[in-house]
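Colleague: Let me begin by handing over the structure; questions about it come next.
The values are calculated or read from the model by the stated rules, or taken from the named source; none is laboratory data. Bear in mind that the values here come from a model prediction, so they are computed numbers and not experimental data. Cβ coordinates were reconstructed from backbone atoms using ideal geometry, including for glycine residues, and neighbour counts include every protein chain displayed. The accessibility values were calculated without ligands, DNA or RNA, using every heavy atom of the protein model including side chains. Shrake-Rupley method; radii C 1.70, N 1.55, O 1.52, S 1.80 Å.
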Amino acid sequence: MKKALITGITGQDGSYLAELLLAKGYEVHGVIRRSSTFNTSRIDHLYSDPHLNGVRLFLHYGDLADSVQMVKLLYQLQPDEVYNLGAQSHVRVSFDVPEYTGDVVGLGAQRILEAIREAGLVEKVRYYQASSSEMFGKVQEVPQTEKTPFWPRSPYGCAKMYAYWLTVNYRESYNLHASNGILFNHESPRRGETFVTRKITRAVGRIKLGLQDSIYLGNLDAQRDWGYAKEYVEMMWMMLQQDKADDYVVGTNETHSVKEFCQVAFARAGLDWEKYVKYDARYERPAEVELLIGDPAKAKKQLGWEPKVKFKELVEIMVDHDIELAKREAQIAKLPPIL
């Protein structure tokens with residue numbers, strides 16, 4: 001039985017990846033940060049689903065800022081695969097906490113890679129680094145490929161670029177099977193509610209049910225390549241099954257604006273987006289990334305992977321989920337208080 005370790009297992013990608021690996025018969029270990037409240041809602045269902053057999057899922061307290069714990073954990077578990085998905089992953093927030101973002105996103109990857117080496121696992125482990133389309137930032141060509149030069153426009157993008165080159169460096173210096181997945185924006189009903197896509201679909205559901213009046217957004221003209229997170233984690237796994245480690249762009253080769261996202265999302269609920277979307281300068285970035293579009297031709301040619309769920313279907317999946325969520329909220333709001 002293969003054994004995998006996932007940092008960031010409680011996040012959107014981590015939960016889908018854990019689901020996928022359990023379905024493939026893996027023993028899955030996840031690193032979670034100690035918190036005063038439970039933050040495992042995205043993976044709680046894995047323990048009760050008979051098809052996923054959550055008895056092969058184990059959680060360990062740890063932090064990407066703690067190198068000693070990472071060495072101990074890797075030495076103890078001896079995993080076959082390590083997926084580094086942990087991060088301070090909000091681009092706008094990275095401008096507010098740049099040092100913390102650099103520590104967790106950039107040096108966090110350094111700590112894991114060095115922990116693999118210190119634990120004597122270089123020849124055993126296969127490593128996946130969650131790289132980001134934000135590394136392209138001020139794009140130098142359209143669409144972006146594995147050969148496009150990086151020009152990050154945020155502390156988050158800079159930290160991801162550092163982690164990317166570290167992964168390449170450990171691959172070339174120590175012959176570690178280490179791959180970068182340069183994932184373009186990927187969304188789902190499990191996306192955090194502070195990210196613009198989920199913020200929009202949550203608002204659509206709540207406005208439809210009369211729980212909210214409007215939504216405030218920043219730059220509506222920013223264009224992104226949006227895919228379905230559940231499909232993208234399959235690509236993470238596929239990279240580590242190859243004989244030779246490599247780096248891959250994962251995207252849909254389509255780009256759509258935030259405004260288009262609003263139009264499709266509100267239309268799904270039978271609403272006119274212009275009546276509810278309002279502008280707030282506080283949501284603008286100091287340096288904006290105007291256009292991202294990823295060409296996954298290499299992934300298709302070498303791994304046979306291509307996205308199936310495209311933009312409109314993705315938005316509708318999220319809206320449908322969040323309308324149901326809003327219905328439950330509305331129902332709870334009508335219940336009499338418990339005395």
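Colleague: Kindly list, by first and then second residue, each pair from a residue in the stretch 169-180 that is under 13 Å from Tyr127 (Cα atoms) to a residue that is small (Gly, Ala, Ser) and assigned to a strand (DSSP E or B), limited to pairs with Cβ atoms under 7 Å and residues at least 6 apart or on different chains.
Modeller: Final answer for the pair search is Tyr170/Ala178; Arg171/Ala178; Asn180/Ser131.
Colleague: Exactly one of these conditions fails for Lys308: (1) farther than 17 Å from His256 by Cα; (2) exposed (fewer than 12 other Cβ atoms within 10 Å of the Cβ). Give me its number.
Modeller: (1)
Colleague: Hey, which of the strands (runs of 3 or more DSSP E) in the stretch 72-185, taking only ones fully inside, have at least 2 residues that are out of contact with any Asp or Glu (no Cβ under 6 Å at 6 or more places or on another chain), among the hydrophobic types (A, V, I, L, M, F, W, C) and open to solvent by less than 10 Å² (accessible area, probe 1.4 Å)?
Modeller: Details: elements: 81-84, 126-132, 177-183.
Here the list reads 177-183.
Colleague: Of (1) open to solvent by less than 10 Å² (accessible area, probe 1.4 Å); (2) under 28 Å from Phe136 (Cβ atoms), Ala203 satisfies all except one. Which?
Modeller: It is condition (2) that Ala203 fails.
Colleague: While we're on this one: Taking the stretch 108-138 only, how many residues are closer than 13 Å to Ile182 by Cβ and hydrophobic (A, V, I, L, M, F, W, C)?
Modeller: Final tally of qualifying residues: 3.
Colleague: Okay, moving on. Out of all the residues in the stretch 293-302, is one or more in contact (Cβ under 8 Å) with a residue 60 or more places away in the chain and farther than 20 Å from Ser179 by Cβ?
Modeller: yes
Colleague: Moving on to the next point. Identify all residues within the stretch 1-47 that are hydroxyl-bearing (Ser, Thr, Tyr) and open to solvent by 50 Å² or more (accessible area, probe 1.4 Å); write none if there are none.
Modeller: Answer for the stretch 1-47, where residues must be hydroxyl-bearing (Ser, Thr, Tyr) and open to solvent by 50 Å² or more (accessible area, probe 1.4 Å): Ser36, Thr37, Ser41, Tyr47.
Colleague: Does the stretch 150-168 hold any residues that are among the hydrophobic types (A, V, I, L, M, F, W, C) and farther than 23 Å from Glu123 by Cα, and which are they?
Modeller: Phe150, Trp151, Cys158, Ala159, Met161
Colleague: Limited to the stretch 53-62, what total is found for residues that are open to solvent by 50 Å² or more (accessible area, probe 1.4 Å) and either touching a strand residue (DSSP E or B) at 6+ places or on another chain (Cβ under 9 Å) or not hydrophobic (A, V, I, L, M, F, W, C) (or both)?
Modeller: Number satisfying all stated conditions: 4.
Colleague: Under 6 Å between Cβ atoms, which residue pairs at least 6 apart in sequence (or on different chains) link something in the stretch 1-19 that is free of Cβ contacts under 8 Å to residues at least 40 places away in the same chain with a partner that is surrounded by fewer than 24 Cβ atoms within 10 Å (Cβ to Cβ) and among the hydroxyl-bearing types (Ser, Thr, Tyr)?
Modeller: Partner pairs satisfying both residue conditions: Thr10/Thr40.
Colleague: So which of Val250, Val233, Val289, Val264 ends up being buried (at least 18 other Cβ atoms within 10 Å of the Cβ), out of contact with any helix residue (DSSP H, G or I) (no Cβ under 6 Å at 6 or more places or on another chain) and touching a residue at least 12 places away in the same chain (Cβ under 8 Å)? It would help to see each step written out before you state the result.
Modeller: Details: Val250 fails: out of contact with any helix residue (DSSP H, G or I) (no Cβ under 6 Å at 6 or more places or on another chain); Val233 fails: out of contact with any helix residue (DSSP H, G or I) (no Cβ under 6 Å at 6 or more places or on another chain); Val264 fails: out of contact with any helix residue (DSSP H, G or I) (no Cβ under 6 Å at 6 or more places or on another chain).
Within the list Val250, Val233, Val289, Val264, the selection yields Val289.
Colleague: Name the pairs: first residue in the stretch 213-227 and more than 21 Å from Pro296 (Cα to Cα) and open to solvent by less than 30 Å² (accessible area, probe 1.4 Å), second residue at pLDDT 95 or above and in a loop (DSSP other than H, G, I, E, B), Cβ to Cβ under 7 Å, at least 6 apart or on different chains?
Modeller: Ser214/Tyr276; Ile215/Tyr276
Colleague: What strands (runs of 3 or more DSSP E), lying completely within the stretch 213-320, carry at least 1 residues that are more than 30 Å from Lys124 (Cα to Cα) and touching a strand residue (DSSP E or B) at 6+ places or on another chain (Cβ under 6 Å)? Don't jump to the end; show me each part of the working.
Modeller: Values: elements: 215-217, 247-250, 277-279.
Result: 215-217, 277-279.
Colleague: Residue under question is Arg190, and the condition is that it be part of a helix (DSSP H, G or I), out of contact with any Gly (no Cβ under 7 Å at 6 or more places or on another chain), within 19 Å of Ala229 (Cβ to Cβ) and open to solvent by 10 Å² or more (accessible area, probe 1.4 Å); does it hold?
Modeller: no
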